[in-house]
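The values are calculated or read from the model by the stated rules, or taken from the named source; none is laboratory data. Bear in mind that the values here come from a model prediction, so they are computed numbers and not experimental data. Neighbour counts run over all protein chains shown; Cβ positions are idealised from the backbone, glycine included.
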């Protein structure tokens, strides 16, 4: 690696690179104080909620107008570069823009309120397509509810101890109600990443409503109160939530004594982790207790597959020279994964009925849905590089080839 | 207190009177056709359930199921029809016994049911529906179940 | 233990209902494999104004926590919809919900 003798040159480069990543503010200086003022005003007017979309703004960042090829407030950088090889100390604005998580202690938790009933409506519209009715799962997306919260004599939730030792047995059920230790994860994830097709499109009241609905679907009680349809969740009530599996994790990694707790836990390996000796050979009975280790029994051969697995090492049959259209190439690259079958809940290409129902909406509408995303489908099938014309061609191809079959 | 007690008794008695009337509509097919629930194969189960009358293939009852089920533990199925049906039974050959569910359609009811079944292996799912005029309709579809899929 | 989850929405004359019931739906063979007690719902009856609007006799081959969607005519907003489930061990559970 080369040393930074020419720090200022590199710093200039980092500023250019940095503008692409963070759109940054500076500390006030006499030369551009007025510009700074306008910049900091932009921080506070970014709209409702931290992520209200704004043209030209990068995720969570601040945009500055460009003048004479320079980002106005960004032309001078007075942040310390001491001890940093590449880059500099972030400004207060940058920290504010990036420090966006919601912590279990309530840091970052927005104000707002929403009822279970409102959440129900929203869930049905925006979430049920992937996560299933009542959060029951399906279509390959995570299950959000279900799994009994019944506990064994040690207070561990029973369904978490499921082991899939044989085909047909249940895996551990890790849903919000049985597994998640903190509710802050839920509201934070909804705000930052959901719904899949339009992340960050929900208002604070809506994220509270959805959180309320999902907690109610998992039969969580807040402060001893059962959540019925009329239950309204707000910041104050949210902080009182205690999740069923909050104490199910060990060692305790929270709080001021966390490091000591972790050290103590790992210091007594024999008691807290296992037998204490690692088995490397002939491990059927590692503890020499005369009993076969349970885990040894995992591993089975999948035999009953139709057609049976083949061990033959043939090359796939060569395809005849077939001319395929550009639309088909694009379809294969971007859409086929979900649309080849109806597994993901998407209308399968070749399914006349499904596409008839789609086409009834009108071609233009279908194209718009494909561009903007719909239900479980992300905008443009997840590939932002596709142009609207290409999408139109693909939709045309999908409808046409469904008619043919 | 007496009055309240009296009212309480009155309500309970009333409920007891009303309940059987409502129950009369409900048919427990487990009680009326016990043998059908024990049959291992669809053909046998259909015979026990609906007798030996001929089955008519139809496209007027729409039966939608995924062709390939990734999660054998939960396979969504939809049955939809404009016909005036009385009983709809679902059979499959993937489990130890065949008969899975029997729907009783109320008079003037809408036939549009969504539900989820379990299948341990790839097999045919057969729907047999009895119309109010006694005709038996049937249709079936093979559902591929991928074993050990991520949904388990 | 767990609640029934019912959702009913009136649209004109037709009420669309979604209902999820809590049961392991484990038939004899499955229960043996999982070393649990066999437990499955055998019958579900939905009533509205004393009329049966939904009725199904089920077996252990329905998916766990069975979910049903159906429609019926003649329901209005604010009216009550009631469900009764019976399982193979004779346990009876009921649940109610207002039509929205």
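Quickly run through the range C:26-59 and pick out the residues that are modelled with pLDDT under 85, part of a loop (DSSP other than H, G, I, E, B) and facing chain B (nearest Cβ under 8 Å).
C:27, C:50
Please tell me if residue B:36 is within 14 Å of chain C (Cβ to nearest Cβ), modelled with pLDDT under 85 and within 16 Å of residue C:56 (Cα to Cα).
Yes, satisfied.
Which of the residues that make up the range A:212-237 are within 26 Å of the chain's Cα centre (by Cα), within 14 Å of chain C (Cβ to nearest Cβ) and in a strand (DSSP E or B)?
Selection gives A:221 alone.
Checking the structure you have, find out if any residue of the range B:74-85 is at the interface with chain C (Cβ under 9 Å from one of its Cβ atoms), in a strand (DSSP E or B), modelled with pLDDT of 80 or more and surrounded by fewer than 16 Cβ atoms within 10 Å (Cβ to Cβ).
yes
Filtering the range B:114-145 down to residues that are touching a helix residue (DSSP H, G or I) at 6+ places or on another chain (Cβ under 6 Å) and surrounded by 22 or more Cβ atoms within 10 Å (Cβ to Cβ), which residue is farthest from residue A:342 (Cα to Cα)?
B:128
Hand me the list of helices (runs of 4 or more DSSP H) wholly inside the range A:92-137 holding 1 or more residues that are at pLDDT below 85 and surrounded by fewer than 14 Cβ atoms within 10 Å (Cβ to Cβ).
A:92-98
Could you tell me whether any residue of the range A:172-186 is over 18 Å from the mean Cα position of the chain (by Cα), surrounded by fewer than 17 Cβ atoms within 10 Å (Cβ to Cβ) and either without any contact (Cβ under 8 Å) to a residue 24 or more places away in the chain or within 25 Å of residue A:374 (Cα to Cα) (or both)?
Yes, some residue in the range A:172-186 is over 18 Å from the mean Cα position of the chain (by Cα), surrounded by fewer than 17 Cβ atoms within 10 Å (Cβ to Cβ) and either without any contact (Cβ under 8 Å) to a residue 24 or more places away in the chain or within 25 Å of residue A:374 (Cα to Cα) (or both).
Inside the range B:93-152, counting only strands (runs of 3 or more DSSP E) that do not spill past its ends, which hold 1 or more residues that are more than 7 Å from chain C (Cβ to nearest Cβ)?
Ranges flagged: B:111-117, B:123-131, B:136-145.
Which of the following residues is in a loop (DSSP other than H, G, I, E, B) and more than 30 Å from residue A:200 (Cα to Cα): A:315, A:386?
Step by step, each of A:315, A:386 is checked, and only A:315 is in a loop (DSSP other than H, G, I, E, B) and more than 30 Å from residue A:200 (Cα to Cα).
Yes or no: residue C:38 within 20 Å of residue B:119 (Cα to Cα), surrounded by fewer than 22 Cβ atoms within 10 Å (Cβ to Cβ) and in contact with a strand residue (DSSP E or B) (Cβ under 7 Å, 6 or more places away or on another chain)?
yes
Give the range B:39-48 a look and list any residue that's under 15 Å from the mean Cα position of the chain (by Cα) and away from chain C (no Cβ under 11 Å), or say none.
Within the range B:39-48, B:42, B:46, B:48 meet the criteria.
Scanning for something modelled with pLDDT under 75 and out of contact with any strand residue (DSSP E or B) (no Cβ under 8 Å at 6 or more places or on another chain), does the range A:330-341 turn up at least one residue?
Looking for residues that are modelled with pLDDT under 75 and out of contact with any strand residue (DSSP E or B) (no Cβ under 8 Å at 6 or more places or on another chain), one finds none in the range A:330-341, hence no.
If you go through the range C:78-100 one residue at a time, do you hit one that is away from chain B (no Cβ under 12 Å), within 14 Å of the chain's Cα centre (by Cα), assigned to a loop (DSSP other than H, G, I, E, B) and over 21 Å from residue B:95 (Cα atoms)?
Yes, the range C:78-100 contains at least one residue that is away from chain B (no Cβ under 12 Å), within 14 Å of the chain's Cα centre (by Cα), assigned to a loop (DSSP other than H, G, I, E, B) and over 21 Å from residue B:95 (Cα atoms).
Filter the range C:10-25 down to residues that are in a loop (DSSP other than H, G, I, E, B) and within 11 Å of chain A (Cβ to nearest Cβ), then give me how many there are.
The number of residues fulfilling the criteria is 4.
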